[in-house]
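A.B. asks: Following this message is one structure expressed as structure tokens.
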Amino acid sequence: MPLTFHLDHTHPQVLLATAGPHNVTVTRLHYHARSYAYGYHGSGPADLALTILNHLWPADGQITDVPVHGGRVRQEVWRLHQAFKRTFIAPLAQEEAHDLEAAPMREWLKAALANLTPSTEMTGQSS
């Protein structure tokens, strides 16, 4: 069974990833203190984008990892999460549950990484 992310507006604090018969709760919050969201361009959808990208390509403890509230993410994940949000998260209907397959997201990530230009180091910490 392919990796799928299950989104349910009635349980916005839980993100489940299924890759077979088991569900794994995925946790990573940065902007929004209580829950994930989708269907608009705000902080809840940004958290969801950051979380999904980090699940697809987790931090590995390298110096280029960016500290965020609740952990670390790869610098590339940090740089791409807003574009990922605009592509995959914001267009979703808010009052519906969704199952998002990881395969198209991985393809997007692969293409986005190929087009990513070097930049100065960025931080996820709020000032």
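The values are calculated or read from the model by the stated rules, or taken from the named source; none is laboratory data. None of the values given here were measured: they were computed from a predicted structure. Virtual Cβ from ideal backbone geometry, glycine too; neighbours counted across all protein chains shown.
A.B. asks: Taking region 69-91, which residues are touching a Leu at 6+ places or on another chain (Cβ under 7 Å) and farther than 16 Å from residue 110 by Cβ?
C.D. replies: 69, 70, 73, 89
A.B. asks: Are any residues in region 63-75 assigned to a strand (DSSP E or B), surrounded by 17 or more Cβ atoms within 10 Å (Cβ to Cβ) and in contact (Cβ under 8 Å) with a residue 40 or more places away in the chain, and if so, which ones? Working first, answer last.
C.D. replies: Keep residues of region 63-75 that are assigned to a strand (DSSP E or B), which gives 66-68, 71-73.
Cutting the leftovers down to surrounded by 17 or more Cβ atoms within 10 Å (Cβ to Cβ) gives us 66, 68, 72-73.
Answer for region 63-75, where residues must be assigned to a strand (DSSP E or B), surrounded by 17 or more Cβ atoms within 10 Å (Cβ to Cβ) and in contact (Cβ under 8 Å) with a residue 40 or more places away in the chain: 66, 68, 73.
A.B. asks: Right, next: Looking at the structure I just gave you, is residue 109 under 12 Å from the mean Cα position of the chain (by Cα), surrounded by 16 or more Cβ atoms within 10 Å (Cβ to Cβ) and modelled with pLDDT of 90 or more? Give the steps one after another, and end with the answer.
C.D. replies: Details: under 12 Å from the mean Cα position of the chain (by Cα): yes; surrounded by 16 or more Cβ atoms within 10 Å (Cβ to Cβ): yes; modelled with pLDDT of 90 or more: yes.
Yes.
A.B. asks: Looking at (1) buried (at least 18 other Cβ atoms within 10 Å of the Cβ); (2) out of contact with any Leu (no Cβ under 7 Å at 6 or more places or on another chain), which one does residue 104 not meet, given that it meets all the others?
C.D. replies: The one condition residue 104 does not meet is (1).
A.B. asks: Further question: Determine whether region 36-58 contains at least one residue that is in contact with a Ser or Thr (Cβ under 8 Å, 6 or more places away or on another chain), in a loop (DSSP other than H, G, I, E, B) and over 22 Å from residue 106 (Cα atoms).
C.D. replies: Within region 36-58 (the criterion being in contact with a Ser or Thr (Cβ under 8 Å, 6 or more places away or on another chain), in a loop (DSSP other than H, G, I, E, B) and over 22 Å from residue 106 (Cα atoms)), the answer is no, since none of the residues qualifies.
A.B. asks: Do you know which residues across region 55-86 are at pLDDT 85 or above and among the polar types (S, T, N, Q)?
C.D. replies: 75, 82
A.B. asks: Six or more apart or on different chains, Cβ under 6 Å: which pairs go from a residue in region 87-100 that's modelled with pLDDT of 90 or more to one that's in a helix (DSSP H, G or I)? Could you list them?
C.D. replies: 89/45; 89/48; 89/49; 90/45
A.B. asks: A further question follows. Among the aliphatic types (A, V, I, L, M), surrounded by fewer than 17 Cβ atoms within 10 Å (Cβ to Cβ) and farther than 26 Å from residue 8 by Cβ - does that describe any residue in region 76-99? Full working, then the answer.
C.D. replies: From region 76-99, those among the aliphatic types (A, V, I, L, M) are 77, 80, 83, 89-90, 92-93, 97; that's our starting set.
Applying the additional criterion that residues be surrounded by fewer than 17 Cβ atoms within 10 Å (Cβ to Cβ) yields 83, 93, 97.
Of the ones still in play, those that are also farther than 26 Å from residue 8 by Cβ are none.
No, region 76-99 has no match at all.
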